[in-house]
Amino acid sequence: MEHDSKFGEMITSEAEIRTLIGNPSELVKRKVIARLDDNCIRFLSQSPLLFLATSDETGHCDVSPRGDAPGFVHVLDARRFIIPERPGNRRIDSLRNILANGHAGVIFIIPGLEETLRVNGRACIVKDRALLEPMKANGNSPVLGIGITVEECFIHCAKAFKRSTLWNPDSWPAEEELPSAAQMLAAHARGNADDIARSLQESYTKRLY
């Protein structure tokens, strides 16, 4: 792989990394399981937000969020669950990647909880109506779902959330200081920010499901 010289001196082997970082503890080595046990299923039932990582056949990666009411992910059994595919922008990045490369990673988040649940496994695209119907929301069933067969499952420590203080409202920026999605889209897509803002608001209020 060709490296960008702007990054200066770089590491090119795991041995170099281990020299600087060290090795995982025995607890960390043992914590990975190959199924959803009762603890993991309870975690999924309380999670309203996940991040799905996929890549295409050449290794180009994508991460996208999926969110809904807690428990929106439908657990079939200890090895399998389905993520409903709600209406989006129709880029279908994740779906195209899954068709090309079935490997996927998922991080589940529960508001207020600093630990996350990580799941790695094989992904497929589900269209079976009997499986999708239980994930109906706001009167609408998803047209498709993303099926995950679990290969690895483990709890991830809270250090990232503690460092970021994400769940502490006192650390949040003021609303007027937040980036504007409409302005960013206008700059990137060469559009009108006011028109884009109205279109976004309409999609958020009328096309969530």
Most fluctuating of 196, 21, 146 in the GNM of the chain (C-alpha, under 10 Å) is 21
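With the cut-off at 1.5 for a/c, could you classify segment 4-76 from its C-alpha gyration tensor as rounded, prolate or oblate?
Working: a/c = 2.95, a/b = 1.53, b/c = 1.93.
In terms of gyration-tensor shape, oblate.
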For residue 29, the aspartates and glutamates lying under 19 Å Cα to Cα, once residues fewer than eight places off in the same chain are dropped, come out as 14, 37, 115, 151, 152
FRET efficiency (residue 176, residue 209; Cβ distance; R0 25 Å; to 0.05) is 0.25
Probe 1.4 Å, heavy atoms of protein chains only: per residue, the accessible area of segment 1-103 in Å² is 71 Å²
Restricting to aspartates and glutamates and to Cα separations under 15 Å from residue 127, and discarding same-chain partners fewer than 8 apart, the set is 85
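Classify segment 65-209 from the C-alpha gyration tensor, please: rounded if a/c falls under 1.5, else prolate or oblate depending on whether a/b exceeds b/c.
Working: a/c = 1.88, a/b = 1.22, b/c = 1.54.
Oblate shape, in that a/c is at least 1.5 and b/c is the bigger or equal ratio.
Take peptides 47-55, 68-76 and line them up by average Cβ neighbours within 10 Å, highest first, as a rough protection proxy. Write out the running numbers ahead of the final one.
Numbers: 47-55: 19.0, 68-76: 16.3.
Highest mean packing first, the order is 47-55, 68-76.
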For the pair residue 163 and residue 143, the simple spin-label estimate (label points 7 Å beyond Cα toward Cβ) gives in nm 4.0 nm
Rounded to whole angstrom, the alpha-carbon centroid of segment 106-148 lies from that of segment 60-90 at a distance of 3 Å
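The values are calculated or read from the model by the stated rules, or taken from the named source; none is laboratory data. All of these numbers come straight from a predicted model, not from anything done at the bench. Note that we place each Cβ from the backbone using ideal geometry, even for glycine, and neighbour counts take in every protein chain shown. The protein model used for the area step is the full one, side chains on, heavy atoms only, and it has no ligands, DNA or RNA in it. Shrake-Rupley method; radii C 1.70, N 1.55, O 1.52, S 1.80 Å.
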